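Structure, as structure tokens:
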Amino acid sequence: MNRKATVFIASSLVASSVLSLGQVAQAAQKKSEVSNLNVRTTPSLKGKVLTRLQKGAVVSVLSVKGAWTYVSFGKMKGYVYSKYLTSVTTVKKPHKSHTKQEVKGTVQAEWLTVRQTDSASAKAIDYLKKGKIVTIVEKAGSWYKVKYDQKTGYVNGSYIKLVGVTTPPPPPPKPDVPPKPTPPKSLAGKIIVIDPGHGNQRPGSMGNGLVEKNLNWTVSQKVQAYLNREGAEVILTRDGDSDCEGNGSLDADLRCRADVAKDNHADAFISIHTNSASSNAMGAESFYYQGTSSSLAEAVLNSYVAETGLIKRRANFGNLAVLRYNTVPSTLLELGFLSNPLEATTMKTAVFQDQAARGIVKGIQVYFGK
Ligand SMILES: [Zn+2]
């Protein structure tokens, strides 16, 4: 048996044993949907990171607390963000379709030798006449495990024409060709904190039918989705219409947002806000506090205005608490002026919000040189 076949069988054994264990123990098995999923001591973004789960890592669910799931794996236990876990029972699906889907083939050689294993030196156990139809049970390198007349055995795949495959001649399967590497995701391994400005009792600016905290939240969620697509781990500083720190102090709330980036060793922190001034004021601008963050502020603003078509004001130094408290590269982007009726109308549209998110993500990619 060659390596590929061994791996195939080994992985299906693992999958089935995981499922049956789950059934016996009545503990749901879930797997991490993202790479570098933080496992924390407490169900909070401020909980200490114990370790990180790789994408596809399987854990047992012990309990669920709000947005957090208490899990165990190996000897470790900790809290992970529930939205990044998916049920492992979904692995059953490809399994079922695999067994249901019957691939058949026709013998092309005058007489085709059926062997005990997938090797030309294996013992011959039968011979099949040209035109004989067999069912392909499994592919093992250049060999097929076939079933016919209640019997099974291995044949050289080059002499089997798959039924329904129209391209003549069928290319002989190459043994053990490594799968083509998929292009690496541009932000894989990056941890990005997105800070939707304001929330809960602090709505931020309001006007022309817009409430700042809500627009900031909507755009932040879209940014999160696009960043995830690029392989980044994204942590939001608030979960819906809430504070980061709910004790009522604005300063504590802003410090909490910066701490989320610090505690998670984030690679970048992007705060998303919406401006308000006179009804004539227009355009987008960004802020930085540490000089080292100016390139992030520039990159995000440039890509943002390029994508949305809004007027570019500039990337400014700003003595803003959420930036001042930050220890990681950080910027605050003002999307546009909701006090300007024209910009407010634009910013209300889903098309704009999508462009805004794409622009911000492109800026982050530029900043990281991707
Ligand atoms: Zn604001």
What is the antiparallel percent of DSSP beta bridges lying wholly in region 255-370, to the nearest 5? 25 percent
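Strictly over 25 Å apart at the Cα level, which of Lys31/Lys145; Lys83/Lys348; Lys222/Lys348; Lys213/Lys312; Lys30/Lys147 would you flag in this model? All intermediate terms of the calculation are to be shown ahead of the outcome.
On the way: Lys31/Lys145 32 Å; Lys83/Lys348 27 Å; Lys222/Lys348 14 Å; Lys213/Lys312 22 Å; Lys30/Lys147 36 Å.
Beyond 25 Å between Cα atoms: Lys31/Lys145; Lys83/Lys348; Lys30/Lys147.
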Using the Cα centre as the reference, give the magnitude of the dipole from point charges on the C-beta atoms of region 281-370 (Lys, Arg: +1; Asp, Glu: -1; all else neutral), rounded to the nearest 20 debye. 120 debye
Quick one: plug the Kirkwood hydrodynamic radius of region 220-275 (C-alpha pairs) into Stokes-Einstein at 20 °C, 1.002 mPa s, and report D in µm²/s. 174 µm²/s
Residues Ala120 and Lys262, FRET efficiency given R0 of 51 Å [Cβ-Cβ distance, rounded to 0.05]: 0.25
Amide hydrogen neighbours beyond the local backbone of Glu138, cut-off 5 Å, H modeled: Lys145
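Note down the relative contact order for region 102-162 as a percent, whole number, built from C-alpha pairs under 8 angstrom at least six residues apart. Write down the numbers at each step before the final one.
Working: 138 pairs, mean separation 23.6, N = 61.
Relative contact order for region 102-162 comes out at 39 percent.
When the dipole is taken about the Cα centre of region 27-94, and only Lys, Arg (+1) and Asp, Glu (-1) are charged at their Cβ, what size is it in debye, to the nearest 20? Mind dumping the intermediate values first?
Values: 13 positive and 1 negative charges, 12 e Å.
With Lys and Arg at +1 and Asp and Glu at -1, about 60 debye.
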Take Ser295 and Arg52, extend 7 Å from each Cα along the Cα→Cβ direction, and tell me the distance between the two endpoints in nm. 2.1 nm
Could you derive backbone 3J(HN,Hα) for region 316-323 from the dihedral phi with the Karplus parameters 6.51, -1.76 and 1.60 (θ = phi - 60°), listing whole Hz in sequence and x where the residue is Gly or Pro? 10, 5, x, 7, 9, 3, 5, 8
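Laboratory data are not the source of any read-out in this text; all were calculated from the coordinates shown. These numbers come from a predicted model, not from an experiment. Because the Cβ atoms are built from the backbone with ideal geometry, glycine has one as well, and the counts that use them run over all protein chains shown.
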